[in-house]
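The values are calculated or read from the model by the stated rules, or taken from the named source; none is laboratory data. Computed from a prediction, not measured in an experiment: that's the story for all the values here. All Cβ positions, glycine included, derive from the backbone under ideal geometry; neighbour counts span all protein chains shown.
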Amino acid sequence: MALASARSVLSATALLWASLVPWTAPALAVEDILIPRPGDRRPTNPTREEENLWRGETEADRLFREANKARFDLDAEKARSLFEQAINAKGSMRAKVKSRLYLKCYLPKYKVTPECEKLYKAADKLVQEDKLGEGLAAFQAMREKYPNLEWVEIGLASIHLKREDPERAATCARRALAINPDYVDAWLLLTHECLMHHDMEGAQMTAQRAHELDPYSDIINKIINQITNEMSKRKPD
C-alpha cells in the first residue's frame, strides 16, 4: 500500500504528518512520520459506540467490517473474499461502494498465496520490532520472489522512512504504482516525500490523487485541508 503492514494505514496518515513545516524548517523528525501501510492497528475490544453500531448493521455492513479486520490482520485473500461478498450482500449501499473501493485501492492487485502471506507477516513483524536490517533483507527477498506485489514495496518504503530516507521510500512508492496505479498508500508516500522537501504543490497534487481514489477517507481530506491552509499562508498579500 504485498502485505506491507496493516498496522497503521489510516492511522498511517493520522494525520499525515502531524505538522506541515514551514519552507525554512528542517525535514520532519522520524518520530513524527506517520507511515502509510495497507492496514490499521485497531483495538482488540470494540468500544460501546462500535457495538451499538454493529447491532443495527446490515449484512453488507457486517461483511465490510469483517473484511477490514482481515485486512488489518494482513489476511489479504480473506479480506478480498469478504469484500466481494459484501458487494453482493443485502444492505448498505455505502458498504458495497467502499468494498469496491478497498478492493481496488488497498488490497493487492494480484492474488496472494498462503506462502506469500506467511513470508510477509514475518517480514512485517521484524519491522514492528524495529529490526530494520532484518526486515529490509526479508522484504528485498520477497521483492525477488514476488515482483508484482505492491505491498512489498510499501513495506520497504516504511523501512526507508524510519531511516529518514524519503527518496528511497518514494522510489518504492513509484514501483508500487507501476504495479497498481490506484494504490492509495503509494500516493500518500509520494505526498510525504513532497512535504519532506517542502514541495507543497507536489504534495497537493499527490494528495488530491489519493482523494480522487478514496473520497471517503477523513485522513486524506484532513491532509488536503492542511496542505491548502499552509499554502494559503504563504501567498503574498
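Couple of notes before you dig in:
- Selection count, the stretch 83-141, where residues are in a loop (DSSP other than H, G, I, E, B), surrounded by fewer than 17 Cβ atoms within 10 Å (Cβ to Cβ) and touching a Lys or Arg at 6+ places or on another chain (Cβ under 9 Å): 4
- Annotation note: of 80, 71, 100, the sole residue that is at pLDDT below 95 and outside the structural domain of residue 220 (by TED's automatic domain parsing) is 71.
- Here residue 216 meets each of (1) surrounded by 15 or more Cβ atoms within 10 Å (Cβ to Cβ); (2) of a type in the set (Ser, Thr, Tyr); (3) touching a Lys or Arg at 6+ places or on another chain (Cβ under 7 Å) with one exception, condition (1).
- Exclusive hit being over 13 Å from the mean Cα position of the chain (by Cα), among the acidic types (Asp, Glu) and either in the same structural domain as residue 99 (by TED's automatic domain parsing) or under 22 Å from residue 107 (Cβ atoms) (or both), set 153, 167, 212: 212
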